[in-house]
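Have a look at the structure below, then the notes.
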Amino acid sequence: MGMDIRVGAYGVIIRDGAILLSHWNEHGRSGWTLPGGGIENGEHPAVAAVREILEETGYVAELDRLLGIDTHVIPGRNRPGPLNRPLQALRIVYRAHVVSGDLTDEIGGSTDEARWVPLEEVNALHTVELVRVGLTLNESEPPTGTYVRE
């Protein structure tokens, strides 16, 4: 049956003790996530991360460094649509900072709100696992850039 693969690029942006998150809302499911998203054909992940951060938050960002790569498989039964093929999600995570722009919610996209969330309040939010992955990579800076799942 095979497996689909989706490659995305995301930014961990922390300023004054708060992290920039975007609210993902698609196919009846939602949660707070790192700003970022899918890479277009032929696009460099670094370019994709900056483009997606701008689309989802209104901020122009610069990347500081590659933090790491995370991957997981979403079973076919958890995917909407007729094919029900499993999906390998490959996520490339950068540390970044805001250089200009104003906080703006995305219109007509897969996210509907952007917000600075104090780090101590992140655990109280309904977040997707990518937020924890990004924070862990940001703190540990593993030399191989690999997020190891327990």
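Output the antiparallel fraction of DSSP beta bridges having both residues in the chain, as a percent to the nearest 5.
Among the beta bridges of the chain, antiparallel pairing accounts for roughly 75 percent.
Whose amide H sits under 5 Å from the amide H of Gly101, counting only residues 5 or more places off or on another chain, with H placed in the peptide plane?
Amide H to amide H, under 5 Å and 5 or more residues apart or across chains, Gly101 pairs with Val60.
How would region 106-150 be classified by its alpha-carbon gyration tensor: rounded, prolate or oblate, with rounded meaning a/c under 1.5 and the a/b versus b/c comparison settling the rest?
prolate
If the only charges are +1 at each Lys and Arg Cβ and -1 at each Asp and Glu Cβ, what is the size of the charge dipole of the chain around the Cα centre, to the nearest 20 debye?
Using Cβ point charges on Lys, Arg, Asp and Glu, the chain gives about 640 debye.
Hey, any idea what the orientation-averaged projected area of the convex hull of the chain's Cα atoms comes to, in nm²?
So the mean shadow area of the Cα hull is 9.7 nm².
Can you give the relative contact order of region 70-130 as a percent, counting alpha carbon pairs under 8 Å and 6+ residues apart?
Relative contact order for region 70-130 comes out at 20 percent.
What's the angle, to the nearest 10 degrees (0 to 90), between helix 129-140's Cα axis and the longest principal axis of the chain?
With both axes taken from Cα atoms, the answer is about 50 degrees.
Taking 0.36 nm per intervening residue step and subtracting the Cα-Cα distance, what contour gain separates Asn41 from Ala124 on full extension?
Roughly 26.3 nm would be gained on extension.
None of the figures in this text is laboratory data; all of them are computed from the coordinates on show. Note that the coordinates shown come from a computational prediction; the quantities given were computed from them, not determined experimentally. Don't worry about glycine lacking a Cβ; one is built from the backbone with ideal geometry, like all the others, and counts go over all protein chains shown.
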